[in-house]
Every structure is written in structure tokens, then in C-alpha cells.
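What follows is one structure encoded as C-alpha cells, with my remarks underneath.
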Amino acid sequence: MATKSKKPAEITTESLASFKEDVLKKYPPKVARKRSKQFLLNEFQGEDAPLIEANVRTIPGIITMRGCTYAGCKGVILGPTRDIVNITHGPIGCGFYSWLTRRNQTRPDTETSENFIPYAFSTDMNENDIVFGGEKKLKAAIREAYALFKPKAMAIFATCPVGLIGDDVNAVARDMKQELNDQGIDINIFAFSCEGYKGVSQSAGHHIANNQIFTHVVGTSDTVVEGKYRINMLGEYNIGGDAFVIEDLMHRCGITINATFSGNSTYDDFARAHTADLNCIMCHRSINYVAEMMEIKYGIPWIKVNFIGVESTIKSMRKIAEYFGDQELKDKVEQVIAEEMPAVDAALKDIKPRTEGKTAMLFVGGSRAHHYQDLFREMGMTTLAAGYEFAHRDDYEGRKVIPSIKVDADSRNIEELDVHPDPELFKPRKSAEELKALDECGFEFKDYHGMMPDMKPESLVIDDLNQYEADELVKKFRPDVFCAGIKEKFSIQKMGIPMKQLHSYDSGGPYAGFAGAINFYQEIDRLVNTKVWGYMKAPWQKKPELVASYAWNDA
Ligand code: CFM
């Protein structure tokens with residue numbers, strides 16, 4: 001099965017459609033039927049946008065790219081916060097593999113400020129605990145962690161075995177908070193029932209995390225940070241230092257970031273999040289729940305922003321300025337853009353002759369497969385195929401489809417909080433006239449239109465891509481770069497194609513804002529223009545040891 005140096009197939013509607021057919025043919029008929037709904041040619045645009053199936057169970061036996069619910073809750077949402085002691089109640093592997101693997105960075109105010117990110121806290125459950133119950137061990141872990149670190153908050157995360165044996169992490173959190181409070185200690189302790197199997201992917205974990213942070217933390221502090229234009233940045237996790245770039249841009253424009261969920265953030269930031277005047281959502285998939293709930297309870301409107309890609313960064317900065325409406329802010333934003341653009345133009349002038357016309361494929365969690373297409377477009381590159389691991393239909397087709405999304409048993413398994421306006425803290429941020437004026441200028445709130453309308457009709461959109469399909473995509477179309485995660489990295493590279501991790505950024509980043517874009521352009525230029533991958537030949541390509549065929553093909 002030599003995979004190298006076959007001429008890549010031309011990209012036409014026909015070749016893409018026949019690719020889909022060929023791939024699905026290898027599955028048993030039932031599996032093929034199911035997969036075909038998650039596997040689309042992006043032919044129709046606008047109102048006719050095709051319907052894609054998403055956020056459904058992966059078929060057992062398929063090697064999915066997805067992670068688990070616990071990973072979404074602990075690793076993704078809470079992981080980047082530096083001063084909450086995050087304790088994993090479970091076997092040691094769960095804590096270890098969710099610890100810093102995505103390279104989320106943080107910057108404590110001073111050298112002595114609390115920062116627990118370098119630690120992985122776990123109850124290290126073993127067979128004994130599975131048989132006799134692990135609640136005592138969890139309580140002991142909380143006492144020990146408090147004695148050592150004296151944090152202002154602790155979060156407890158349930159893993160699969162915890163759910164299976166029935167340890168009640170919420171009750172333990174309540175009891176331990178009481179026990180420590182009774183000793184005069186001011187500490188908040190809360191828990192997450194985010195067992196790995198609780199939902200079909202990490203997406204369920206985001207929702208569970210959003211619910212608990214909203215219930216136990218947001219609104220618990222009335223400290224108001226000074227600033228004329230105060231926003232929260234939601235769904236920005238500071239991978240490779242992205243949040244630092246965005247903070248710098250906002251700071252130079254005179255915009256105050258009140259809280260980031262949750263890159264470079266602290267417990268106190270979350271606690272006072274309800275005092276901001278605008279919520280800006282970077283990653284729609286992972287955090288839209290918090291934005292929606294804050295709007296209902298506190299009256300904070302939300303908009304979608306994107307700081308990946310220069311054009312998107314400019315659009316987002318202007319949109320924030322438009323929301324506040326002051327000419328002074330608008331001028332400042334234009335000034336910062338003007339300061340940044342010469343370096344961007346110079347970088348593009350340098351790299352574009354080498355990147356123009358090249359192709360990319362992007363398969364990442366729930367928002368990057370969309371956002372990073374902007375950067376490739378700026379470099380003159382085309383995205384041939386893209387998809388999310390675990391996003392929902394609205395991330396593909398836009399929020400307009402939300403009312404028509406079928407709620408299945410797996411989604412119903414995740415609690416929807418019943419949220420109402422807070423009698424004291426609800427405060428509309430804009431008057432009816434101001435909202436009308438914004439509307440007349442075409443200003444949109446909750447404006448996420450999804451990935452598919454931004455892609456060419458001659459491209460493939462594939463949800464929950466698996467290893468077999470990834471291999472086939474690369475074999476047939478041989479993109480100049482394939483973007484995904486660590487599980488895909490080496491199999492793709494062994495086929496002679498450069499591979500860029502968009503979860504952890506490998507060892508690179510930041511890629512956000514103007515400075516980040518320049519960084520990305522230069523890195524991708526080097527990746528797609530190096531010849532070294534073409535020389536790759538794995539031993540089994542020269543001398544296969546085992547040849548197999550599919551049982552159902554022979555039947
Ligand atoms: Fe949002 Fe993320 Fe993503 Fe995500 Fe993730 Fe991630 Fe991701 Mo990996 S929160 S959905 S659950 S942008 S960890 S920082 S890169 S899969 S596309």
C-alpha cells in the first residue's frame with residue numbers, strides 16, 4: 001500500500017463526490033448510511049445550505065479524533081485558570097493527560113501570586129477505591145490540598161469510574177466547603193459530574209463546566225474593575241500565548257478585559273464577570289452557554305468575535321468599538337490597526353509568492369477548523385476539507401438552525417439551567433433607542449453564521465472524522481498541509497504530508513491578532529515549502545508484512 005508520490009486528484013465537485021462514495025463503500029451498509037449524513041460536499045450556499053448531522057455518538061470500533069466529557073470540562077474550560085485547585089477524582093491517567101497538554105499559558109501578577117497550573121492534582125484512584133468507594137479519599141485529598149496550598153477555590157472533577165461506582169462528588173464538595181468554612185476558612189468548593197462517558201464528546205463537558213461556573217462562581221463578587229469600555233473575552237484559552245496578544249491589542253485601544261474564560265484568568269475574574277458591559281465570544285462551541293445565561297440573568301449582550309486572521313481581527317476590533325459607539329474609541333482602534341498593518345503587509349509580501357495556490361485540510365475540535373481558514377485564505381491557500389470533532393449543527397450551518405436541532409437522549413442527559421433575570425443585578429446595557437440605532441446600522445448580536453457558508457462549494461465538510469477517512473483524504477488529495485491533533489500527527493507525517501497541530505500549536509504560537517498572524521504565515525510557509533516530507537518512506541511501505549481485506553467485502 002504505497003501512499004507516496006501518486007499524483008493528487010484534481011479538486012472538482014465530481015472528484016470530491018466520488019471520494020465520498022469510495023470511502024463509504026468500505027463501511028458495512030448501516031455504518032455507511034450513518035456516516036453519509038456527517039459527510040458533505042459543501043455545494044449549496046445560503047438558504048440552501050446542506051444539513052449536516054453532528055453531535056451524535058461515534059460508531060463503536062471507529063477510531064475517532066474525539067476526546068471525552070471530562071476532558072472538555074476539566075482540561076478545556078477550567079484547566080487554564082491559575083488559582084483554582086482542580087482535583088481530578090479518578091485514576092491517575094485522567095489527571096495526567098489533561099494537564100497542560102494543550103499548552104495553555106498563564107501569567108501571574110507577581111512571582112508570589114498563586115499559580116497551580118504547574119501541578120496536576122488527582123486522587124489517584126486504585127482498585128481498592130473502586131470496590132470500597134473513593135469519597136473518603138477525595139475528602140482527604142481536599143484537606144491535604146488545602147493544607148498545602150490554601151487556595152480560595154477548589155474544583156472537583158468526576159471521571160468514568162466515579163460515575164460507575166456512584167461516588168457523589170457534589171455532596172463531598174458541599175461537605176468539605178462546610179467543614180472548612182466552619183473553621184473560619186473562606187473557600188469555595190464545587191464539583192462537576194463530568195464523567196468521561198456522560199456525553200458523546202468533550203462538548204458535553206463544556207456545557208457541564210459552563211453550568212457549574214455560572215452557578216457557583218459568576219456573580220459572587222461585586223468588585224467592579226475601572227474602565228470605560230469593559231468586556232469579557234469568552235472562549236479564549238490562551239493556547240501558545242494567544243490571549244496575551246489579544247490583551248495587548250485591547251489594552252492599546254483602551255478596552256478593559258474584565259474576565260477571560262478562561263485563558264490567563266483567575267477565580268476573581270470569573271466572580272466579577274457579571275459586571276462587564278459586553279461579552280465577546282471567540283469559541284462559540286465551548287462557551288456560548290455562559291454568554292446566553294449571563295445575558296438572561298445580568299443583561300449583558302454578546303457578539304461573536306474572532307482574533308485568528310488579520311481581517312477577522314480588524315472586523316472584531318471595529319465591532320467592539322461600534323458597540324460602545326464612542327468616536328474616541330473608534331479612532332483609537334483605527335490607530336492600533338494602522339500601527340500593526342505595515343508588518344502584516346510586509347510578511348504577506350514575502351511569503352505569499354510561495355504559499356499562493358497551496359492547499360490545506362483542517363480537522364479540529366469545535367471552532368478552530370473554521371477560524372484558521374481565514375489565515376490560510378490570507379496566504380492565498382485553499383481549504384479542501386474541514387470539519388469539527390464535536391461541534392453542533394449551529395457551528396457548521398449558523399445559529400439560525402438552532403430551533404430545528406433535534407434534541408436527542410444524549411443531549412437531554414446534560415442539564416439545561418433554568419435562568420431568570422436577577423432582581424438586583426440585572427441591568428440592560430443599552431436602551432431601546434440605542435439598540436434600535438445599532439440595528440439600523442446592521443449591527444448584529446449573537447452573530448455566528450457557522451463554518452460552511454465561508455467555505456467554497458468545491459470542498460468537503462466532514463464531522464467527527466476518523467483515522468481511516470483522514471488517511472484516505474490525504475492519499476487521494478495530498479494537501480500541502482494537514483491540521484489536526486496529536487493523535488493524527490504521525491500517521492499523516494508518515495504519508496509524507498506536513499502536519500500542523502492546531503490544538504497545542506506543536507511548539508509554536510501565538511497565532512492570534514496581527515503578531516500571531518505573521519507568526520503563522522511564516523511557520524506555514526516553512527512547512528509547506530520544505531522538501532523533507534517528500535522523502536518520507538515508512539518501513540512497511542517498502543516491505544509490507546501484513547495484507548488484510550474487509551470481511552464484508554468478501555461476503
Ligand atoms: Fe473551542 Fe478551544 Fe476549539 Fe475547544 Fe478543544 Fe482547544 Fe479545539 Mo483542542 S475550546 S472547541 S475543546 S477553540 S482543546 S482551545 S484546540 S479541540 S477547536
Counting only protein heavy atoms and rolling a 1.4 Å probe, one gets per residue an accessible area for the chain in Å² of 44 Å²
How many percent of DSSP beta bridges within the stretch 160-291 run antiparallel, rounded to 5? 0 percent
Quick check: at a probe of 1.4 Å, how many percent of the accessible area of the stretch 120-226 sits on carbon and sulfur atoms? 49 percent
Which aspartates and glutamates, on any chain, are close to residue 30 with Cα under 15 Å apart, when same-chain ones fewer than 8 places away are left out? 21
Hey, what number do you get for the chain at 222 nm if only DSSP H runs of n ≥ 4 count, each worth -39500 (n - 2.57), divided across all residues, to the nearest 500? -12500 deg cm²/dmol
Excluding ligands, DNA and RNA, the carbon-plus-sulfur percentage of the accessible area of the stretch 277-371 with a 1.4 Å probe reads 51 percent
Pairs 330/500; 7/315; 74/436; 7/37; 228/315; 7/406: which exceed 32 Å Cα-Cα? 330/500; 7/315; 74/436; 7/406
With charges set only on the Cβ (+1 for Lys and Arg, -1 for Asp and Glu), what does the dipole of the chain come to about its Cα centre, in debye to the nearest 20? 2200 debye
Mean Cβ-within-10 Å packing, highest first, puts peptides 430-441, 166-177, 369-380 in the order 369-380, 166-177, 430-441
Quickly rank 237-250, 442-455, 60-73 as a protection proxy: mean count of other C-beta atoms within 10 Å, highest first. 237-250, 60-73, 442-455
Please list 83-90, 501-508 highest first by mean number of surrounding beta-carbon atoms within 10 Å per residue. 83-90, 501-508
Rank 200, 255, 219 by how far each Cα sits towards the positive end of the charge dipole of the stretch 195-315 (+1 on Lys, Arg Cβ; -1 on Asp, Glu Cβ) and give me just the farthest. 200
Where does the stretch 69-196 land on Rg(C-alpha)/(2.2 N^0.38 Å)? 1.01
Which whole-Hz couplings ³J(HN,Hα) result when phi for each residue of the stretch 357-365 is put into the Karplus expression 6.51 cos²θ - 1.76 cosθ + 1.60, θ = phi - 60°, listed in order with x for Gly and Pro? x, 7, 10, 9, 10, 10, 10, 9, x
Could you sort out which of 349/487; 319/352; 139/487 sit more than 32 Å apart by Cα distance in this structure? 349/487; 139/487
Report Rg/Rh for the chain, rounded to two decimals, where Rg is the Cα radius of gyration and Rh the Kirkwood radius. 0.97
Cα-centre dipole for the stretch 1-130 with unit charges at Cβ (Lys and Arg positive, Asp and Glu negative), debye to 20: 760 debye
Which percentage, to the nearest 5, of the DSSP beta bridges contained in the chain is antiparallel? 10 percent
For the stretch 474-555, what does the relative contact order come out to in percent, with C-alpha contacts under 8 Å and a separation of six or more? 27 percent
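The values are calculated or read from the model by the stated rules, or taken from the named source; none is laboratory data. Everything quoted here is computed from the prediction, not taken from an experiment. With ideal geometry, Cβ positions are generated from the backbone for all residues, glycine too; neighbour counts draw on all protein chains shown. Ligands, DNA and RNA are stripped out before the accessible areas are found, and what is left, the full protein with its side chains, is counted by its heavy atoms. Shrake-Rupley method; radii C 1.70, N 1.55, O 1.52, S 1.80 Å.
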